[in-house]
1. Can you tell me how many residues in the stretch 93-112 are open to solvent by less than 50 Å² (accessible area, probe 1.4 Å), more than 16 Å from ligand 3 (Cβ to nearest atom) and not acidic (D, E)?
2. Would you mind stating whether G42 is in contact with a helix residue (DSSP H, G or I) (Cβ under 8 Å, 6 or more places away or on another chain), within 30 Å of A221 (Cα to Cα) and of a type outside the set (S, T, Y)?
3. Test P101 against the stated conditions and say whether it is within 19 Å of the chain's Cα centre (by Cα) and either at pLDDT below 95 or outside the structural domain of P146 (by TED's automatic domain parsing) (or both).
4. Quick one: is G75 assigned by TED's automatic domain parsing to the domain that holds P144 and in contact with a His (Cβ under 6 Å, 6 or more places away or on another chain)?
5. Given the criteria at pLDDT below 90, within 24 Å of I89 (Cβ to Cβ), hydrophobic (A, V, I, L, M, F, W, C) and buried (at least 20 other Cβ atoms within 10 Å of the Cβ), does A202 qualify?
6. I'd like the residue in the stretch 165-198 that is more than 27 Å from R74 (Cβ to Cβ) and of a type in the set (G, A, S) and, out of all such residues, is farthest from ligand 2 (Cβ to nearest atom).
7. Can you tell me which condition Q85 does not meet? The list is (1) at pLDDT 95 or above; (2) closer than 29 Å to L30 by Cα, and all the others hold.
8. With the structure loaded, tell me whether L119 is within 29 Å of I32 (Cα to Cα) and part of a helix (DSSP H, G or I) or whether it fails that test.
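The values are calculated or read from the model by the stated rules, or taken from the named source; none is laboratory data. Bear in mind that the values here come from a model prediction, so they are computed numbers and not experimental data. Ideal geometry is used to build each Cβ from the backbone, glycine not excepted, and the neighbour counts take in all protein chains shown. With ligands, DNA and RNA removed, areas are computed over all heavy atoms of the protein, side chains included. Shrake-Rupley method; radii C 1.70, N 1.55, O 1.52, S 1.80 Å.
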Amino acid sequence: MTDPLLSIRNLKVEFRSRMSTVQAVGGVDLDIYPGETVGIVGESGSGKSVTMLAAMGLLPRTARVAVSGQVLLRGQDLLQMRPRQLRQIRGRDMALIPQDPMTCLDPVLRVGVQLREALRVHQRLTRKQARARGIELLRTVGIPEPEKRHDQFPHAYSGGMRQRAMIAMGIANDPALLIADEPTTALDVTVQAQIMDVLRQAQQQTQACLALITHDLGLIAEMADRVVVMYAGCIVESGDVHTIFKRPRHPYTVGLMASLPQGGDERHPLVPIPGNPPDLGAIPGGCPFHPRCALAQGRERCSNELPLLRDVSAADAGHRSACHYFEEIHGSGQWSRLAQEQAS
Ligand SMILES: Nc1ncnc2c1ncn2[C@@H]1O[C@H](COP(=O)(O)OP(=O)(O)O)[C@@H](O)[C@H]1O
Ligand code: SF4
Ligand SMILES: [Mg+2]
């Protein structure tokens, strides 16, 4: 098997304040292999963004933010790198496409100037070459009249076009890894589909790996080769996308799926997971999911012992679950029943 491009090992991130300590990421292990799309899914606040921001060295390095573990890019630990080295890696080796483009686009600079900046850091191009490349990138991501758009300010762009511009910036230097953090959440449904197409094409063109962060399992089913499910700062299940959808082995994954519309099938009514994700300043002891889990049924082990992520079976390489009782979960037909139990 080929070596992973990115290997995250025992990554922990704590936000400290005088009042409390929030463990946003509680020891994540994650590999991303060349060419693959990994979907990272979980409810809001489960630590998806913080995991990938920490991996890119984009969290502030202050006493109030404690990051530990290893983030190996082709074997080199990004967490040990100096800011200058990291800046060189960002954009060239890995690029982030954020949820809200306006947090990253500078409103007072023309889009073309921002593209030129993204290119300039890593490539020696004359002004003329940079302009030509900038226009080409805008054309690649499907922005009409790219010559005209190149010289406009971001406020002249629609939301969908801004997100396209961010994708253009992300792929400007052919990075090996693209991280897209909820890239379509702020957009309406028709634009969402277009943006995902653009992202898919951009990925194919650059042969980049894609880490796609989303709370949308439907998007994962469409895009991902492999799925990582996060809950309360930890990975609770991971595996090949078909396996995860056909044979989920964690009650939380089952719950996420049961809350997905399934083509109007009445045998599988929509059932939300009861309760809310925990406050990360006070994660419940034992299994963090136990207060919401139908399978826990008052079992002491669930409230006492933290389940570790382990292989589901020797035959199912790469499928892992962090549930003490995953053997009791069989097939997707059980989704709605289990979910209804969880809801009642
Ligand atoms: N800058 C920050 N300062 C303090 N706490 C933060 C900060 N960013 C994130 N957190 C904490 O980390 C948790 C996980 O955040 P995040 O990774 O953004 O969740 P997700 O992307 O899964 O919705 C949040 O619920 C919050 O408690
Ligand atoms: S360990 Fe217990 S509480 Fe946690 S997911 Fe499994 S059954 Fe539910
Ligand atoms: Mg997020």
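1. Number of matching residues: 5.
2. Criteria met by G42.
3. Yes; evaluated as a whole, the condition is true for this residue.
4. no
5. yes
6. Selected residue: A165.
7. Single failed check for Q85: (1).
8. Judged against the criteria, L119 is a match.
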